[in-house]
Amino acid sequence: MIKLAVKRPVFTFIIFAILLLAGFLSLTSLPLDLYPDVTLPSISIITFYPGASTEEVEAQVVDPLEEAISTIPDIKGIRSISQENVGAVIIEFEWGKDLDAASNDIRDKIDLAKMDFPEGVQEPSLWKFDITLLPIVIIGAVSDDPTIDLRKVVEDRVAERLKTVEGVAAAPIWGGGKVRQINIEIDKTKLDGYGLDLGHIVTILTSENVNVPAGSMELGKYKYLVRVPGEFKTVSEIGEIPVSMAMGSTIRLKDIAKVEDGYAERINFVRVNGKDGVFFAINKRSGGNTVAVANRVQAELKQLEKDIPGVELVVIQDLSDFISKSISNLTRTILIAGGLVVLVTLILLGNLSASLIIAVTIPVSLIVAFIFLYIRGASINIVSLSALAVAMGLVVDNAIVVLENIFHHRQKRETKMEASIFGTSEVGQAILASTLTTVAIFVPLLLVRGFVSVMFSQFAFAVPVVLFASLFSATTLTPMLASRFLRIKTGKSKFSFLDLGNKLFSLLERVYSNVLAWALAHKWVPIVAAVVLFVIGLIGFGAVEKEFFPTTDQGYFEGSIELPLGTNLTITDSVVAVIEKLVAERVPEVKVLLADGGESESGFGLIEGTSESSSSGNISALLVDREKRERSSEEIAFALTDEVEKMPGIQRPYFSTGGGGGPQFGAERDISIEIYGYDIETTDRLAEEIKKKLESVPGLTGVSVSRESRKPELWVRIDRQRAHSYGILLSQAAGYLRMALRGAEATNLRLGGDEIGVLVRLDDESRRDPRLFETFLVPTPMGKSIPLGNIAKVSTQPGPLSIEHKDKERVVKVEADLRGRSLGSALSDVNRTLSRMFIPKDVRLDIGGTAEQFQESFQTLFLALIIGIILVYAVMAAQFESFLDPFIIMFAIPFAVTGVFLAFLITQKPLSIMGYVGLIMLTGIVVNNAIVLVDYTNILRRRGKGLYDAIMEAGQRRLRPVLMTTITTVLGLLPLAISKAEGAELWSPLGISVIGGLLFSTVVTLILVPVLYSLFERKAKKKVEM
């Protein structure tokens, strides 16, 4: 292949030209996103049971669903939340599960569970949770015109228009505004006076509002369809419906009820920049270009404001802005790294033509990655670009080794053609081995299961593809270009800047030669020193601060509060208004402020695994650009938490940046202690004890208990015996009471293309009358009615706001977030604290939240590291046809761990999952230098050199390519490691890890590997002689 490439330059050029063109076309077609398109293997079932208490929802809805669903294969866990009126069951599958197939299985199980549902439970809805459910844009709508029905305008005009934008999957409304509804409020006195009941009214409305197809009739030549139209056309028509006869006169609905075209009872509130409004989200289609879709949405919003005068549309959060800046900054970092690599190559080689030949391999190798990403249907994101940034310094390594050897042969007066072919062939096995060992380390990332495999699959594919491209380029394009364009100086010339690298290397070669000779004469000194350094590094690595994903400043923060359970929405609204004022005064960096509270119409919070109630409120804010403010979003969030905690009556204030990588990957709070046990009092008492203990752990903030048990409830206890004596079933009595208080949707009214619900219930005065439970009339099968007080007694009882299950067990969580401390160290203190506590019988503890994913991911990465080390050794053994040489080379790996420890110690940054991936990469990278040394030593020995002479000459001859590849890799990653731009928090640990490990390991390798080679080969020779 080498001869073909050198002797047929046009053919070689065409091959690479085609690759460049295909890569460019692929690049222009790839979408932009923050992370890979990770579909979280989770499906939620939301089931509404209007009027039901938390415990009723748990027993009658959630328990049957959990029991039915638990038999589905590949389930990792089942979580559920039961609260007033609604229950949610969240099924988590193993990563890689086909959610479409799983959805079909779940629907079958839901049909079985529905057989046990009581009357009044609504049809369960199924939600597949994937990355497209996370909004790319959040928008608020406000208006100063009181005549505008803002909710209707957003639903009918804004959301519908935005759904037509290319790439938009949905535009769900999250809250705010008024929902139109026909309210029929029954006067209880008149209802009782005429001897009527609510069920009778609902039945009449349902029966009257129909269009009935009556068949067909043939008249003459024609056949006519016969219809009986009966649907209501107007609101007034509903009021005219007869409901009874009294004293020979007709009693109409309007005689006993107030019928009005109004609005549903408010269950939430929304304010945007202090004005009442509506807020909604934009979800993109799976695989869509987040940035392109968001830009199209922004353009459509401007047009909508022109088309709908009086309505202002405010962008509250735009994920594409952070993505664009992060991708742009990372791209700029890669370009700077490429420039540094070319510059250092020029300086170190001291030859302009050689530097340009090596520079050509960078775009040629990297562009292949875009072809691969396009074929896989992937995107350009932080992970895939980080792969290219890492590969930047690696792609030139093979070319440097090849060109440096060609350069050496040219200096020996060989012809251009001979030097190019022979020089490349001589190092071919070494660069093949080094490439294969680097590629091998990525295989475990594809073999392991779980979040790590899904998240880093693009990374684990992209880097090997680039490295194979660089190997192909180094063995074809590089020798071809060298045979045509490499210029070698002959004779003496005046000193120039380009001679600096040669003079520097000459000095280093002399120094290294002396140090290596001393080390070979005193073998045990470097060995003992290396062991001490490794032990220090191993101990230090265990003490390094660790975290899951770094917190990023996305120019946004969000916060939530809880008021005492049972607090009505009006009070919650007023408290949130006070916090809004506080934010306006204390946070001048706010650009857009959103305040909301209460329950969402769709139960979306439950899909994410969080509870909703009238006592909860939220604050979110878009901040000005980072360069225009002195504080980070995290500092602002912490300051607000401190301020809100001082306000009386507010419970569980929690402000965060929303940029720590947790919720979007299926996690919750940073640390969550899960307490399992059926008895609510016992687990609640333990939860309070744990809460007090965790509040004393340094670095934990916002410590709270997920379940509160102080919500007041009115329990209507029906005496079954007395009820049965009247022929009344308990469910019938409860159903009539629910109809009176909550109401029953009797039918729908079609007006102007809209379907408006018609709600029947008692009037407001009756529903607020405490005597209702005594005087409310319940119909009997005999046609009479009895007061509810005859068969029931009312008492006040405390009840839980919500009941959570995990794997069908009741669970309560003590949750906390981090402040100024890494997750790893905080988790150690938490575990130490829990180990000293008394845990009651039938109660157990577990760790959840982001900490759970953190532990699982780091365990997975450790397994990948061990598998990778074994694979690297296996590849080298196969290449060298020896078990001893790879064993010697493997001694380069332990000192990468020491280097990583020192790097994070110096930079004072915690080791994140990206840094750990860097450590795994090092296993394949650091052996490359040792491979070059050992391989050339073997070549020299085969040519007749003695052991000592071969080691010394190999060290001197290979010092330059070893240092050059190390320096180019380090400089290629340096911009990645030191960047302070937006999004740099995500990728900098990767650069820090590889730079630290590679530098330290290279220095040790240059001394230790030759010493160990000498020691083992000498012993092997003695055994042969014996």
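Quick check on this structure: which one of VAL341, VAL314, VAL278 is among the aliphatic types (A, V, I, L, M), surrounded by fewer than 22 Cβ atoms within 10 Å (Cβ to Cβ), outside the structural domain of THR966 (by TED's automatic domain parsing) and touching a residue at least 60 places away in the same chain (Cβ under 8 Å)? Outline the logic, then answer.
Working: VAL341 fails: surrounded by fewer than 22 Cβ atoms within 10 Å (Cβ to Cβ); VAL278 fails: surrounded by fewer than 22 Cβ atoms within 10 Å (Cβ to Cβ).
None of the others qualify; the one that does is VAL314.
Considering only region 302-319, I want to know if a residue exists there that is small (Gly, Ala, Ser) and in contact with a helix residue (DSSP H, G or I) (Cβ under 8 Å, 6 or more places away or on another chain).
Here is the first cut: in region 302-319, the residues small (Gly, Ala, Ser) are 310.
From what is left, the residues that are in contact with a helix residue (DSSP H, G or I) (Cβ under 8 Å, 6 or more places away or on another chain) are none.
Scanning region 302-319 turns up no residue that is small (Gly, Ala, Ser) and in contact with a helix residue (DSSP H, G or I) (Cβ under 8 Å, 6 or more places away or on another chain).
Listed residues GLN859, GLN797, GLN879, GLN855; which is under 30 Å from LEU933 (Cα atoms) and among the polar types (S, T, N, Q)? Break it down stepwise before answering.
Numbers: GLN859 fails: under 30 Å from LEU933 (Cα atoms); GLN797 fails: under 30 Å from LEU933 (Cα atoms); GLN855 fails: under 30 Å from LEU933 (Cα atoms).
Of GLN859, GLN797, GLN879, GLN855, the one residue that is under 30 Å from LEU933 (Cα atoms) and among the polar types (S, T, N, Q) is GLN879.
I'm trying to understand the selection: among the residues of region 723-763, which are among the β-branched types (Val, Ile, Thr) and not in a strand (DSSP E or B)?
Kept after step one, since they are among the β-branched types (Val, Ile, Thr), are these residues of region 723-763: 728, 747, 756, 758, 760.
Residue satisfying the conditions is ILE728 alone.
From ALA369, ALA433, ALA387, grab the single residue that is at pLDDT below 85 and either within 26 Å of the chain's Cα centre (by Cα) or at positive phi (or both). Step through it out loud before you land on a result.
On the way: ALA369 fails: at pLDDT below 85; ALA433 fails: either within 26 Å of the chain's Cα centre (by Cα) or at positive phi (or both).
On inspection, the qualifying residue turns out to be ALA387.
So which residues in region 287-335 are of a type in the set (Gly, Ala, Ser) and in a helix (DSSP H, G or I), if there are any at all? If you could, list the steps in order and put the result at the bottom.
Taking region 287-335 as the starting set, the residues that turn out to be of a type in the set (Gly, Ala, Ser) are 287-288, 292, 294, 299, 310, 320, 324, 326, 328.
ALA292, ALA294, ALA299, SER320, SER324, SER326, SER328 - these are the residues of region 287-335 that are of a type in the set (Gly, Ala, Ser) and in a helix (DSSP H, G or I).
For residues that are among the basic types (Lys, Arg) and in contact with a helix residue (DSSP H, G or I) (Cβ under 9 Å, 6 or more places away or on another chain), tally how many sit in region 562-586. Spell out how you get there, then give the answer.
If we filter region 562-586 for residues that are among the basic types (Lys, Arg), which is where we start, we get 581, 586.
Retained after the next criterion (residues that are in contact with a helix residue (DSSP H, G or I) (Cβ under 9 Å, 6 or more places away or on another chain)): 586.
Selection size over region 562-586: 1.
Does VAL235 satisfy the criteria of being over 22 Å from THR203 (Cα atoms) and hydrophobic (A, V, I, L, M, F, W, C)?
Numbers: over 22 Å from THR203 (Cα atoms): no; hydrophobic (A, V, I, L, M, F, W, C): yes.
The answer is no for VAL235.
Here's the yes/no breakdown for (1) modelled with pLDDT under 85; (2) of a type in the set (A, V, I, L, M):
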site	(1), (2)
LEU640	no, yes
GLU643	no, no
PHE655	no, no
GLY659	yes, no
PRO663	yes, no
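Would you be able to tell me the number of residues in region 16-31 that are of a type in the set (Val, Ile, Thr) and either surrounded by 15 or more Cβ atoms within 10 Å (Cβ to Cβ) or at pLDDT 90 or above (or both)? Before you say what the answer is, go through the steps one by one.
Taking region 16-31 as the starting set, the residues that turn out to be of a type in the set (Val, Ile, Thr) are 18, 28.
Going one step further and asking which of them are either surrounded by 15 or more Cβ atoms within 10 Å (Cβ to Cβ) or at pLDDT 90 or above (or both), we end up with 18.
Count: 1.
So which of ILE139, ILE148, ILE106, ILE110 ends up being β-branched (Val, Ile, Thr) and either under 30 Å from ILE323 (Cα atoms) or assigned to a strand (DSSP E or B) (or both)?
Values: ILE148 fails: either under 30 Å from ILE323 (Cα atoms) or assigned to a strand (DSSP E or B) (or both); ILE106 fails: either under 30 Å from ILE323 (Cα atoms) or assigned to a strand (DSSP E or B) (or both); ILE110 fails: either under 30 Å from ILE323 (Cα atoms) or assigned to a strand (DSSP E or B) (or both).
On inspection, the qualifying residue turns out to be ILE139.
Among the residues of region 876-884, are any of a type in the set (Gly, Ala, Ser) and in a helix (DSSP H, G or I)? I'd like the intermediate steps shown before the answer.
In the first step, residues of region 876-884 are kept if they are of a type in the set (Gly, Ala, Ser); the result is 877-878, 882.
When the remaining residues are screened for being in a helix (DSSP H, G or I), the result is 877-878.
Yes: one or more hits.
Which ones in region 789-804 are crowded, with 18+ Cβ neighbours inside 10 Å and modelled with pLDDT of 90 or more? Before you say what the answer is, go through the steps one by one.
Within region 789-804, the subset crowded, with 18+ Cβ neighbours inside 10 Å is 791-792, 799-804.
Answer for region 789-804, where residues must be crowded, with 18+ Cβ neighbours inside 10 Å and modelled with pLDDT of 90 or more: ILE791, ALA792.
Would you check if there is a residue in region 161-178 being without any contact (Cβ under 8 Å) to a residue 40 or more places away in the chain and buried (at least 16 other Cβ atoms within 10 Å of the Cβ)? Break it down into steps so the answer makes sense when it comes.
Of the residues in region 161-178, the ones without any contact (Cβ under 8 Å) to a residue 40 or more places away in the chain are 163-164.
Now drop any that are not buried (at least 16 other Cβ atoms within 10 Å of the Cβ), which leaves none.
No, region 161-178 contains no residue that is without any contact (Cβ under 8 Å) to a residue 40 or more places away in the chain and buried (at least 16 other Cβ atoms within 10 Å of the Cβ).
Within region 931-945, is there a residue that is outside the structural domain of SER384 (by TED's automatic domain parsing), in a loop (DSSP other than H, G, I, E, B) and closer than 30 Å to SER857 by Cβ?
No, region 931-945 contains no residue that is outside the structural domain of SER384 (by TED's automatic domain parsing), in a loop (DSSP other than H, G, I, E, B) and closer than 30 Å to SER857 by Cβ.
Residues to consider are TYR948, TYR1013; find the one that is more than 39 Å from the chain's Cα centre (by Cα), aromatic (Phe, Trp, Tyr) and surrounded by fewer than 23 Cβ atoms within 10 Å (Cβ to Cβ).
On the way: TYR1013 fails: surrounded by fewer than 23 Cβ atoms within 10 Å (Cβ to Cβ).
Only one candidate passes the filter, namely TYR948.
So which of ARG844, ARG836 ends up being surrounded by fewer than 19 Cβ atoms within 10 Å (Cβ to Cβ), basic (Lys, Arg) and in contact with a strand residue (DSSP E or B) (Cβ under 8 Å, 6 or more places away or on another chain)? If you could, list the steps in order and put the result at the bottom.
Working: ARG836 fails: in contact with a strand residue (DSSP E or B) (Cβ under 8 Å, 6 or more places away or on another chain).
Within the list ARG844, ARG836, the selection yields ARG844.
Tell me, which residue of region 669-716 that is assigned to a loop (DSSP other than H, G, I, E, B), among the charged types (D, E, K, R) and in contact with a Ser or Thr (Cβ under 8 Å, 6 or more places away or on another chain) is surrounded by the fewest Cβ atoms within 10 Å (Cβ to Cβ)?
ARG707
Condition first: at pLDDT 85 or above and either part of a helix (DSSP H, G or I) or surrounded by fewer than 19 Cβ atoms within 10 Å (Cβ to Cβ) (or both). Can you find one or more residues in region 592-602 that meet it?
Residues of region 592-602 at pLDDT 85 or above: 592-598.
Subset that is either part of a helix (DSSP H, G or I) or surrounded by fewer than 19 Cβ atoms within 10 Å (Cβ to Cβ) (or both): 592.
Yes, some residue in region 592-602 is at pLDDT 85 or above and either part of a helix (DSSP H, G or I) or surrounded by fewer than 19 Cβ atoms within 10 Å (Cβ to Cβ) (or both).
Count, please, the residues in region 717-744 that happen to be surrounded by fewer than 16 Cβ atoms within 10 Å (Cβ to Cβ) and without any contact (Cβ under 8 Å) to a residue 24 or more places away in the chain.
Adding up the residues that qualify gives 6.
So GLU953 ticks every box in (1) crowded, with 24+ Cβ neighbours inside 10 Å; (2) free of Cβ contacts under 8 Å to residues at least 60 places away in the same chain but one. Which box is left unticked?
(1)
When you scan region 394-432, how many residues do you find that are hydrophobic (A, V, I, L, M, F, W, C) and surrounded by fewer than 24 Cβ atoms within 10 Å (Cβ to Cβ)?
Restricting attention to region 394-432, the residues satisfying the condition of being hydrophobic (A, V, I, L, M, F, W, C) are 394-396, 399-403, 406-407, 417, 419, 421-422, 427, 430-432.
Now narrow it down to the ones that are surrounded by fewer than 24 Cβ atoms within 10 Å (Cβ to Cβ): 407, 417, 421-422, 432.
The qualifying residues number 5.
Collect the residues in region 215-274 that are hydrophobic (A, V, I, L, M, F, W, C), surrounded by 10 or more Cβ atoms within 10 Å (Cβ to Cβ) and not in a strand (DSSP E or B), keeping them in residue-number order.
Listed by number, the residues that qualify are PHE232, VAL235, ILE238, ILE241, LEU253, ILE256, ALA264, ILE267.
The values are calculated or read from the model by the stated rules, or taken from the named source; none is laboratory data. The model shown is predicted, which means the values in this text are computed figures rather than measured ones. A quick note on method: Cβ atoms are made from the backbone with ideal geometry, for glycine too, and the neighbour counts reach across all protein chains shown.
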